[in-house]
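The values are calculated or read from the model by the stated rules, or taken from the named source; none is laboratory data. From a predicted model like this one, the values you see are computed outputs, not experimental measurements. So basically every Cβ, Gly included, is an ideal-geometry build from the backbone, and we count neighbours across all protein chains shown. Please note that ligands, DNA and RNA were not included when accessible areas were found on the heavy atoms of the full protein model with its side chains. Shrake-Rupley method; radii C 1.70, N 1.55, O 1.52, S 1.80 Å.
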Amino acid sequence: MHKSQRDFDVIIAGAGPAGSSAAIHLARNDMRVLLVEQKKFPRAKLCGEFISPECRRHFETLGVADAMTNSDPASITETVFYSSRGHYVTIPSSWFGGPAALGLSRAVMDDVLLRRAQQCGVEVIEGATITEPILDKDVVRGIKLKLNGDEQQHTAPLTIDATGRARILTRKLHAGEPKSKAKLIAFKVHLRNTRVAPGACEIYFYRDGYGGLSSVEGDISNLCFIISAEQVKRLHSDPDRVMRDMVMKNRRASYTLEHAETESEWLSASWERFGRQQPSPAKGLVAIGDSAAFIDPFTGSGMLMAFESGELVADVIKCHRNQLDGVETDYAAAYLRKFDSRLRISGWLRRAAFKPRLAGIGIALCGASKHFRSRIVRATRSSFDPA
């Protein structure tokens, strides 16, 4: 079995939007970056595929704005929240600092970002399995991986866990700790022949969960929803049955999905928890994107947080580029300042989202007051000024 080793300034595990954006920022500042990805791109990914207007600034900064526009994304001008009984409230995309959000599949968007990282000089390894972090007296100094049967190890003063909710590197550091039982299951599928309103992302609340439907490129609709593991088990883990027996209990979802036909395979994943994890799990290791925190999807800011955290970690690293000791502490403090408030607010909203009656009351309150509606929306973002 062949073994190889190389040294880098920074190693990033995971080539989603957080990992690839961090890699681009760092490489453009003359840092030697290794980006390791388990899959080979392009690949489908479980995601709502809603790209909020604030992400356009990140696309410009990363040098991928034209490539994203040329990928024929859907234009989403509003998000409409529907209670189980059909009452609704609308949030204009313009409140988020741009005329429209984008609907674009992760297969397309992530591939554009990864190829841009390569153009910027990032060393990319796809199809690799990370076996373990390299430790030196409890300090992470790189990773070991397998690629096509060969073992490799690569070292760096700093490693970034951008592996999403899987938190692969962080979990491997705590392999002996018991896993908590998954309470929620998420499903995603691409559909044709839905009745989703043009230019809208529709959010449906129903018992024990919620889901979203919106357009992506090529006249396809993306349906992504979450529901309690208990309900999934009751319905024999059949996603189509879960959709029809639970999601379509929402009146609007029943209408929009009545004649829908699947265009892709179903994807599913179990979720243990929402909210903040540990942005600095160990010395020599920091976490970004969903590895650091998983914000509730109905806020529409998950993708934004991926780009923001990728940019944030790069800014902190650049301040320490001559001596990376202390990056973890400074990054954790900056992360809390930037994201803690919105994560806390979304946690409060989550408690209502999973109870149809409370969700209905919330929709009624938001519908009755634009000021109340705008304050809640603003709380899920860093800053913006709704008209």
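Give me the 1.4 Å probe accessible area per residue for the stretch 1-128, excluding ligands and nucleic acids, in Å².
Details: 5160 Å² over 128 residues.
For the stretch 1-128, the per-residue accessible area is 40 Å².
Taking a straight Cα-Cα cut-off under 24 Å and skipping sequence neighbours fewer than 8 places away in the same chain, the lysines within cross-link reach of K45 are K146, K172, K179, K181, K183, K188, K233.
Ranking H259, H174 from most to least accessible surface, computed with a 1.4 Å probe over the protein chains only, gives H259, H174. A simple count of charges around K188, restricted to other residues whose Cβ falls under 11 Å of its Cβ and scoring Lys, Arg +1 and Asp, Glu -1, yields 0. The mean accessible area for residues of the stretch 149-188, using a 1.4 Å probe and ignoring ligands and nucleic acids, is 49 Å² per residue.
For the stretch 1-110, the share of DSSP beta bridges that are antiparallel, to the nearest 5, is 70%. Ligands, DNA and RNA are left out, and with a 1.4 angstrom probe the accessible area of the stretch 246-387 is 48 Å² per residue.
What order, most packed first, do the peptides 123-131, 261-269 have when packing is the mean number of other Cβ atoms within 10 Å of each residue? The partial results should precede the final answer.
On the way: 123-131: 15.9, 261-269: 13.8.
The most tightly packed comes first, giving 123-131, 261-269.
Of the listed values [x] 5, 24, 33, 25, 11, 2, 0; [y] 4, 15, 17, 15, 14, 11, 8, 6, 5, 3, 2, 1, 0, 0; [z] 4, 14, 19, 19, 15, 12, 9, 5, 3, 1, 0, grab the one calculated as P(r) over Cα pairs in 10 Å bins from 0, in percent from the structure here. Step by step, P(r) over Cα pairs in 10 Å bins from 0, in percent for this structure corresponds to label [x].
Nonpolar atom fraction for the chain, defined as the carbon and sulfur part of the 1.4 Å probe accessible area, stands at 47 percent.
Ordering K146, K179, K283 by how much accessible area each has at a 1.4 Å probe, largest first, what is the list? Intermediate values should be presented prior to the final figure.
Numbers: K146 95, K179 160, K283 135 Å².
Result, largest first: K179, K283, K146.
Could you work out [θ]222 nm for the chain from helices alone, using -39500 (n - 2.57) per DSSP H run of at least four and dividing by all its residues? Round to the nearest 500 deg cm²/dmol. Don't skip to the end; give the middle numbers.
Numbers: 12 runs with 131 residues, N = 387.
Helix contribution divided over all residues of the chain: -10000 deg cm²/dmol.
If you add up the charges near D30, with Lys and Arg at +1 and Asp and Glu at -1, over every other residue whose beta carbon is less than 13 angstrom from its beta carbon, what do you get? Write down the numbers at each step before the final one.
Details: positive: R28, R32, K318, R321; negative: D9.
Combined, the nearby Lys, Arg, Asp and Glu give +3.
Run a plain Debye calculation on the stretch 39-99 (Cα atoms as equal point scatterers, no solvent) and give log10 I(q)/I(0) at q = 0.15, 0.22, 0.24, 0.28 Å⁻¹, rounded to two decimals, same order as the q list. With no solvent term, the Cα-only Debye profile gives -0.63, -1.05, -1.14, -1.26.
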